[in-house]
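Taking it in order: structure first as structure tokens, then the write-up.
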Amino acid sequence: QDYTGKATEVALGWSIALGSPFTFRTTLESEYKSDIYGERCIILGAVHGIVESLFRRYEAQGMSDEDAFVNSVESITGPINTIISKRGMKALYDDLDAAGKETFMKAYSATFKPSMDICYEIYEDVACGNEIRSVVNATNRFDRFPMGNIDQTRMWKVGEKVRAKRVEENIPINPFTAGVYVATMMATLQTLREKGHQWSEICNESIIEAVDSLNPYMHARGLAFMVDNCSFTARLGTRKWAPRFDYILDQQAYVAVDEGIQVDEELKQDFLNHEVHAALAVCAELRPSVDISVETEDAVGAGKARTEYKSSKANE
């Protein structure tokens with residue numbers, strides 16, 4: 001309720017005082033739906049599922065474990081992330097050579113609909129209250145069933161070795177990885193659009209938070225550093241939905257590619273001519289000239305990933 005008629009001015013004043021580079025008009029209902037939904041999709045949950053599935057795929061194709069990590073995780077959090085952040089998704093595609101564009105589009109064609117299937121399910125579970133109910137139930141079980149670590153598998157141990165000897169300019173843009181990632185990002189934002197959200201909110205909850213806020217954390221110290229810097233709601237949602245994206249990509253998208261799927265020309269044109277590119281370009285004009293700075297030393301507390309996962313009280 002805007003009792004005084006000055007709610008907008010007060011909100012804008014707080015935003016400016018806090019130093020926010022973006023201020024988007026929304027409603028409380030629209031914000032909670034898009035926020036809880038987005039973190040379960042490309043911002044946290046989906047990207048977790050994507051990189052896990054791609055790492056296994058690349059190893060199965062004969063890459064070494066370190067090369068598989070570089071071509072899955074590092075490719076996304078490094079050059080793919082940088083290009084989308086500063087120039088947008090279409091620029092990422094445009095920068096590829098002819099063979100790269102073909103690989104990108106085959107991966108995109110195979111991934112978009114399976115990812116959107118999960119995105120729709122997530123949105124509708126958030127909208128009807130089921131997702132928050134799940135979070136409440138999970139937190140009530142914390143003393144008996146706490147959240148466990150999510151970066152102790154071999155893949156993430158390989159990542160520690162890769163990061164230790166990383167040379168940023170040598171990280172490749174893997175076109176298959178780019179196609180899978182962008183298709184899931186597009187599925188995330190298209191679902192929001194079809195559910196009636198505004199473009200400023202869509203760009204923020206599907207793209208900006210991913211590339212400018214969260215991916216840099218995974219680039220600095222791995223998956224847990226990204227996910228467990230977030231709220232209980234986000235952390236639980238990532239653990240719940242990442243396996244669903246992982247599974248559907250492995251069982252549907254990659255199978256379609258291996259069976260020789262051709263580029264879906266309708267999906268291709270929808271992507272190339274999508275109105276999100278113009279909306280994101282406007283947001284890019286407001287982007288700060290500096291990137292987020294992420295602390296990489298081991299510590300707990302504000303701005304650094306929590307490392308204890310025992311109970312709700314232990315994490316307060």
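The values are calculated or read from the model by the stated rules, or taken from the named source; none is laboratory data. All figures in this text were calculated on a predicted structure; none of them were measured in a lab. Using ideal geometry, Cβ is built from the backbone for each residue, glycine included, and neighbour counts are taken over all protein chains shown. Heads up: the accessible areas ignore ligands, DNA and RNA and are worked out on the full protein's heavy atoms, side chains in. Shrake-Rupley method; radii C 1.70, N 1.55, O 1.52, S 1.80 Å.
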Inset, instruction - Calculate, in nm to one decimal, what ARG287 and GLN61 gain on full extension: separation in residues at 0.36 nm each, minus their alpha carbon distance. - result: 77.5 nm
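Fully extended, how many nm does the chain gain between ALA91 and GLN251 (0.36 nm per residue separation, minus their Cα-Cα distance)?
54.7 nm
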Legend entry - Candidates VAL167, VAL263, VAL135, ranked by Gaussian network fluctuation over the chain, Cα under 10 Å, top entry: VAL167
Legend entry - Residues of the stretch 253-271 with amide N under 14 Å of the 7 Å Cα→Cβ point at GLU102: 260-264
Legend entry - Cα lying deepest toward the dipole's positive end in the stretch 205-291, options VAL211, LEU286, LEU223, charges on Cβ: LEU223
Inset, instruction - Check every DSSP H run in the chain and write down those whose alpha carbon atoms cover 20 angstrom or more along the long axis and whose mean Kyte-Doolittle hydropathy is 0.5 or greater. - result: 175-194
Inset, instruction - Would you mind telling me which residue in THR238, THR26, THR103 has the biggest mean-square fluctuation in a Gaussian network model of the chain, where springs connect alpha carbons within a distance under 10 angstrom? - result: THR26
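If you take every residue apart from GLU74 with its C-beta less than 9 Å away from the C-beta of GLU74, what net charge results, scoring Lys and Arg +1 and Asp and Glu -1? Show your work: numbers first, answer last.
Values: positive: ARG163, ARG166; negative: none.
My count for the surroundings of GLU74 gives +2.
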Legend entry - Potential extension, LYS157-LYS113 segment - 0.36 nm per residue separation minus Cα distance: 12.7 nm
Inset, instruction - Describe numerically, in nm with one decimal, the distance between label points set 7 Å from Cα along Cα→Cβ at THR27 and at ALA278. - result: 2.5
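If you put +1 on each Lys and Arg Cβ and -1 on each Asp and Glu Cβ, how big is the dipole of the chain around its Cα centre, in Debye rounded to 20?
Magnitude of the dipole: close to 760 debye.
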Legend entry - Distance in nm between pseudo-label sites at PHE232 and ASP270 (7 Å out along the Cβ direction from Cα): 3.8
Legend entry - For the chain, projected area of the alpha-carbon convex hull averaged over all directions, nm²: 17.2
Legend entry - Fluctuation leader among SER64, SER34, SER115 - the chain, Gaussian network, Cα springs under 10 angstrom: SER64
Inset, instruction - Could you go through the stretch 74-88 in sequence order and give the Karplus-derived ³J(HN,Hα) for each residue, using 6.51 cos²θ - 1.76 cosθ + 1.60 with θ = phi - 60°, rounded to whole Hz, and x for Gly and Pro? - result: 4, 4, 6, 6, x, x, 4, 4, 4, 5, 4, 4, 9, 9, x
Legend entry - Cα gyration tensor shape for the stretch 174-290, rounded if a/c is under 1.5, else prolate or oblate: oblate
Inset, instruction - Take the alpha carbon atoms of the stretch 235-249, find their center, do the same for the stretch 166-185, and report the distance between the two centers in whole angstrom. - result: 20
Legend entry - Rounded FRET efficiency, nearest 0.05, which uses the C-beta distance separating ASP143 from LYS195 and R0 of 45 Å: 0.80
Inset, instruction - Can you work out the accessible area per residue across the chain, with the rest of the protein chains kept in place, probe 1.4 Å, in square angstrom? - result: 47
Legend entry - Mean ellipticity per residue at 222 nm, deg cm²/dmol - from DSSP H runs of n ≥ 4 across the chain, formula -39500 (n - 2.57): -18000 deg cm²/dmol
Inset, instruction - Rounding to the nearest 20 debye, state how big the charge dipole of the stretch 101-253 is about its Cα centre with +1 on each Lys and Arg Cβ and -1 on each Asp and Glu Cβ. - result: 560
Legend entry - Electrostatic dipole magnitude of the stretch 84-125 [Cβ: Lys, Arg +1; Asp, Glu -1; Cα centre; debye, to 20]: 280
Legend entry - Convex hull of Cα atoms in the stretch 57-173, direction-averaged projection (nm²): 10.5
